[in-house]
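Asks: Before I ask anything, let me first share the structure, which is written out below as structure tokens.
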Amino acid sequence: MGQSSYRRIKMEKKTITFILNGEKRTIEVEPNDILLEVLRTKLGITAPKYGCGRGDCGTCTVLLDGKSVRSCLILAVEVDGHEITTLEGLSKDKLTPLQESFIEHNSFQCGFCAPGMIMTATELLKKNPHPTEEEVKEAISGNLCRCTGYVSIIEAILDASKKY
Amino acid sequence: MSEYKFIGKPINRIDEKDKVTGAAKYVDDINFGPNLLYAEIVESPYAHAKILSIDTSEAEKVPGVVKVVTGKDFPYKFGLYMKDRYIFAQDRVRFIGEQVAAVIARDPKTAKKAAKLVKVEYEPLPAVFDPLEAIKEDAPIIHPELASYPHVPWYYPHGGTNIAHWRKVRKGDVEKGFAEADFILEDTYRIPRYAHCCMETHIAVGFVDYNGRLTIWASSQSPHTQRHLIAEALRPLGFTEQNIREIVPYVGGGFGGKAGVTMEIIAAALATTVKGHPVKVRWRRDQEFYNTYMRQQVITKLKVGVKKDGRITALERTDYWDAGPYVEYGANVVNAATLSATGPYNIPNIKMDGLCIYTNFPAAGPYRGFGYSEIMFSIESHMTRIAKALGMSPREFRKINGIKEGDPLAYGAPMNENGLIECIDKVADAIKLEEKEESKDPKKAIGKGIAALWKAPAMPPNVTCSAFLKFNEDGSINILLSGMEIGQGLLTVMAQIAAEILSVPPEKIRVELPDTDRNPYHWQTVASHSTWLLGNAVKRAALDAREKIFDVVHRALNYEKDHLYLEDEKVKCTTDPDFELPLKDFVINGIMMEDGTYRGQAIVGSGSIMVEFASALQDPETSQGGHPNVHYTVGAGGVVLEIDKETGRVHILKLAEAIDVGKALNPETLKGQLIGGAVQGIATALYEDMRIDENGKILNPNFTDYKIPTSLDIPDEFIPIFVEVPQHDGPFGARGMAEHVMIPVAPAIANAVEDAVGVRVKAMPITAEKIALALLHGKKEVDDFFMAPTKKKEA
């Protein structure tokens, strides 16, 4: 601690270009900027949430080239040239059958885990359109929810899978 | 009215579309503009120390730092029921992580770096963590000025000690009761601390405009109470309720942790130092564990005497609650739980003591269940053990002693109407309690257990809440209230209540989230009282609007008001079957008369209610007299579980709960709550295991090591059951159940574990490790309490 420990490390800003919810975006970031915070504070994308900042809870889940990732564990510079999809990008025209199913099952209570949970479930149904209950449980086991006990979420995903 | 159109129906949540599209905004989703500043907190590394000096000069030099604030800037106390905490530590710190100073900067990275440059010199003091140690005569005193702290009249602090509140309940003659008993069971139970683990961490943004008005955006259960407590604390700076506004958007979970005031006051105070700039304070996940509230640690000494026929003759218990260093809210948990620490049983001779004890762990306070999960673990473990000792079924033993309407409560007032016996029977039947099951796997054993529950809302006797309701041109409605949607489905149920009265479907009703400038008063969204009390306020607002509707129709069209009724969004008349007038035709624009004039008014309604029959005036030595609780909600829970005898791992095959909700206003949202709360109960029983080192530092303030349940940890089957013994003063007969569903789960699991493998775990959590070790060493009882740290070594 003390003055000697503080050094303003000059960090070169970097310009990155990536596809965000179907639109090409170019922004300047610092090399240690976290993707979650860049999305939330610089790009107006607020569906992915801060829940733990260390990849434990899944509230910040987004799709990176179609694969679910924890945006709190990804540096913004890493997505240069890639494609990011968040909850905002799912239903620009109309709700997906999965979203409809979540509404029908009253799946979410406080709703804070929903943006991450829905992205994980979206990835699951894309890879495995007709999962078993065990496969659903396994797929969403990295997305924590404190309100629901998961039952209403699992039922909604299984129900939606019948529509794919 | 026998048949309801919207009440009792599985109406979909009216907030669900907001939540599945990302439209739902939480505090951190609001754009506060380019002037937004960020605060980083300088925290105490000691559990108990004097602050000798604070040097902020190096931090202030960092480019981007706007201000560094310390305790000397805000020498003001605050608290809900007792003023025992400061916005920032003053001359001493009392737990690891306590806020000592804050750096306000243009960006979070700068704030974080500069906070490390604030130099604080401490003189460590002896700390105390074990509540039994803290009440010894030579214990370090955590609040030497306790005797001078302002508090509500039903708190009894013992100045000069660490006892912040001591609730005593005395009824009958316990000595005589034990003398009459054929069998007495006496034992000690230990419940550790738990964390709420809302998915959204606490966050608050404060903003003082150039006219000096303070606005707070917070993730909160208590907008009006926060406004009031912050106004009280900041009065010396000229703030009053009039010039403070609190706005609360969607909240990512509460569970009691966002009630009262904790870190929100920091954002408010910081904002006063940087006018024109919003200041954001967002807790990290680790801060969420140690600097809001936690659930209290409790050590219970319980003695119950019974006759051979199963009648309980006497109950004596002392509960030692570790409430941490600030108990302004937590002492009321002790108060409420002690008054009801008999459990839902009619017992003639009672002696109960609840001691709220200051320790140097982080502050503890309200958590879903408000002390009842803790007291019911010991009671319900005891009930099953005694039943077994008497050779009775745990079901029959509970039914013999179960409290009925009109029976005297421990403090003398009569018990309300309730379906306790029905709940116990339904749960016991659902899990076939008396039928022994064998596992197909010889390495595994199956066990069954039940537990009863009760809980009353813990509130001041004059709690009040209110609602406004207004119609729009399309016949849709906005309801303004200050109850918080924290996930429980409040918005939907309030819409259903208004819908039923006004015949407008819930999908045409918006229920607005609180803004204290616009939405009317509500004390706090706590205590599972909102369905009951706020439901009545909304019902009154809807009836008020209906009266105005009928008045307009009467004045314009001469129909007798008594003959008018509402159906399908239309006014109809019992004496004129051909008459029907759509609400949207006149609720704003009125009704045109033959001469071209109009009769009407924009239809609005208001409703407000106060509990006018409760009283906290009780004899401090006995708690007799008074009427501290409005009513109890009762129920029961049961589990069937399977234990791997080699690993000790518990898997729940079936979980049933029956709750007497009075009237199930929305069976679907109730079911969702029941399942979610039951899983939170399972979490405390089987998974969550907070570890604290000998210096008072939490070792696992994160989801990597503090394991909350995932989708893989839930029971195979849930059986939700709703019993409906109407609450005479509830809206459509309803009473609350939000916290209750968590309460029976842990003791039911403890009872089932003993049933399966013969091991009685008396110290939560009931981890696989404890069961496996007990089986390995042939132990029948487990009272290891991993969390209690060894006494701090002398410096």
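Asks: For a quick check of your reading of the filter: which GluC sites (Glu not before Pro) in the stretch B:256-336 sit in a DSSP loop and have no more than 16 other Cβ atoms within 10 Å? Display every interim value, and only then the final one.
Replies: Details: sites: B:GLU264, B:GLU288, B:GLU316, B:GLU328; in loops: B:GLU328.
Hits after loop and neighbour filter: nothing returned.
Asks: Taking the stretch B:89-138, which GluC sites (Glu not before Pro) meet the DSSP loop condition and have no more than 10 other C-beta atoms within 10 Å? Each step should come with its number before you reach the end.
Replies: On the way: sites: B:GLU98, B:GLU121, B:GLU133, B:GLU137; in loops: B:GLU98, B:GLU137.
Filter output for the stretch B:89-138: B:GLU137.
Asks: Moving on to the next point. Assuming 0.36 nm per residue, please report the length gained on full extension of the stretch B:SER53 to B:LEU543 beyond their Cα-Cα distance. Before the final figure, lay out the partial values.
Replies: Values: separation 490, 0.36 × 490 = 176.40 nm, distance 6.10 nm.
Extra length available between B:SER53 and B:LEU543 comes to 170.3 nm.
Asks: Against the longest principal axis of chain A, how steep is helix A:151-161, in degrees 0 to 90 to the nearest 10, with axes from Cα atoms?
Replies: Roughly 80 degrees between the two axes.
Asks: Follow-up. Considering only the other residues whose Cβ falls under 10 Å of the Cβ of B:ALA105, what net charge follows from Lys and Arg at +1 and Asp and Glu at -1? Working shown, then result.
Replies: Numbers: positive: B:LYS67, B:ARG106, B:LYS109, B:LYS112, B:LYS113; negative: B:GLU40, B:ASP107.
Neighbourhood net charge equals +3.
Asks: To continue, here is another question. Before anything else, pin down the relative contact order of the stretch A:1-121: Cα pairs under 8 Å, at least 6 apart, normalised by residue count, whole percent.
Replies: Values: 201 pairs, mean separation 33.7, N = 121.
The normalised contact order for the stretch A:1-121 reaches 28 percent.
Asks: Let me ask something additional. What value does the stretch A:97-161 have for Rg/Rh, both radii from Cα atoms and Rh as Kirkwood defines it? Display every interim value, and only then the final one.
Replies: Details: Rg = 10.2 Å, Rh = 11.3 Å.
Reported Rg/Rh (Cα atoms, Kirkwood Rh): 0.90.
Asks: Shifting gears a bit: Sticking to Cα atoms, compute the Rg of chain B to one decimal and its Dmax as the biggest Cα-Cα distance, whole number, in Å.
Replies: Over chain B's Cα set, Rg and Dmax evaluate to 27.4, 95 Å.
Asks: Where both partners of a DSSP beta bridge lie in the protein assembly as shown, what percent of those bridges are antiparallel, to the nearest 5? Don't skip to the answer; put the middle values down first.
Replies: Numbers: 122 of 156 bridges.
Around 80 percent antiparallel, to the nearest 5.
Asks: Also, quick follow-up: Residues in the stretch B:163-199, backbone N under 13 Å from the label point at B:ASP784 (7 Å along the Cα-to-beta-carbon vector): list them, ranges by number please.
Replies: The answer is none.
Asks: Can you give me the Rg/Rh ratio for the stretch B:663-725, using Cα atoms for both radii and the Kirkwood formula for Rh? Please report the intermediate quantities before stating the final value.
Replies: On the way: Rg = 16.2 Å, Rh = 14.0 Å.
Rounded to two decimals, Rg/Rh equals 1.15.
Asks: Taking every pair of Cα atoms in the stretch A:14-86, average 1/r, invert it to obtain the Kirkwood radius, and report Rg/Rh to two decimals. Could the numbers behind the result be given before it?
Replies: Numbers: Rg = 10.9 Å, Rh = 11.9 Å.
Over the Cα atoms of the stretch A:14-86, Rg/Rh equals 0.92.
Asks: Counting other C-beta atoms within 10 Å, and keeping those with at most 16, which DSSP coil trypsin sites (Lys or Arg not before Pro) do you find in the stretch B:344-408? Don't skip to the end; give the middle numbers.
Replies: On the way: sites: B:LYS351, B:ARG368, B:ARG385, B:LYS388, B:ARG395, B:ARG398, B:LYS399, B:LYS404; in loops: B:ARG368, B:LYS404.
Those that pass, being in a loop and sparsely packed, are B:LYS404.
Asks: Quick check on the stretch B:623-750: what does the Kirkwood estimate of hydrodynamic radius come out to from the alpha carbon pairs, in Å? Kindly include the intermediate steps, with their values, before the conclusion.
Replies: Details: mean 1/r = 0.0603 Å⁻¹.
Hydrodynamic radius (Kirkwood, Cα pairs) of the stretch B:623-750 is 16.6 Å.
Asks: Among residues other than A:GLY81 whose Cβ falls under 13 Å from its Cβ, what is the net charge (Lys/Arg +1, Asp/Glu -1)? Before the final figure, lay out each step's value.
Replies: Working: positive: A:LYS14, A:LYS24, A:ARG25; negative: A:ASP65, A:GLU78, A:ASP80, A:GLU83.
Counting the neighbours of A:GLY81, the net charge comes to -1.
Asks: 222 nm [θ] for chain A, helices only, -39500 (n - 2.57) per DSSP H run of 4+, per residue, to 500? Kindly include the intermediate steps, with their values, before the conclusion.
Replies: On the way: 5 runs with 48 residues, N = 164.
Dividing the helical sum by the residues of chain A leaves -8500 deg cm²/dmol.
Asks: While we're on this one: May I ask you to list the residues of the stretch B:508-533 whose amide nitrogen lies under 19 Å from a point 7 Å from Cα along the Cα→beta-carbon direction of B:TYR4?
Replies: Under cut-off, by backbone N: B:508-511, B:528-533.
Asks: Only bridges whose two residues both fall in chain A count here: according to DSSP, what percent of them are antiparallel, nearest 5?
Replies: Numbers: 14 of 16 bridges.
Rounded to the nearest five, the antiparallel share is 90 percent.
Asks: Taking each pair of different alpha-carbon atoms in the protein assembly as shown once, compute 1/r for the pair, average those values, and report the inverse of that mean as the Kirkwood hydrodynamic radius in Å to one decimal. Kindly include the intermediate steps, with their values, before the conclusion.
Replies: Values: mean 1/r = 0.0343 Å⁻¹.
Evaluated on the protein assembly as shown, it is 29.2 Å.
Asks: Separation between the B:HIS554 and A:ARG25 pseudo-spin-labels, each 7 Å from Cα along Cα→Cβ, expressed in nm?
Replies: Taking the two extended label points, one gets 5.9 nm.
Asks: Please give the length that would be gained between B:ASP309 and B:HIS728 if that part of the chain were fully extended, namely 0.36 nm times their separation in residues minus their C-alpha to C-alpha distance (nm, one decimal). Intermediate results must be reported in sequence, preceding the final value.
Replies: Numbers: separation 419, 0.36 × 419 = 150.84 nm, distance 3.40 nm.
Value of the extension gain: 147.4 nm.
Asks: Please give the calculated 222 nm ellipticity per residue for chain B, where each DSSP H segment of at least 4 residues contributes -39500 (n - 2.57) and the sum is spread over every residue; nearest 500 deg cm²/dmol? Kindly include the intermediate steps, with their values, before the conclusion.
Replies: On the way: 17 runs with 183 residues, N = 795.
It lands at -7000 deg cm²/dmol.
Asks: Given a Förster distance of 56 Å, report the FRET efficiency between B:GLU694 and B:ASP576 from their Cβ-Cβ distance, rounded to the nearest 0.05. If you can, show how the numbers build up before the last one.
Replies: Values: r = 81 Å, r/R0 = 1.45.
Rounded to the nearest 0.05, the efficiency is 0.10.
Asks: Sorted from fewest to most neighbouring beta carbons within 10 Å, what does the list B:LEU776, A:LEU144 look like?
Replies: Values: B:LEU776 11, A:LEU144 24.
Ordered by Cβ neighbours within 10 Å, fewest first: B:LEU776, A:LEU144.
Taken together, the values in this text are just the output of simple stated rules run on the coordinates, not laboratory data. Remember, predicted model here, so these are calculated numbers, not experimental data. With ideal geometry, Cβ positions are generated from the backbone for all residues, glycine too; neighbour counts draw on all protein chains shown.
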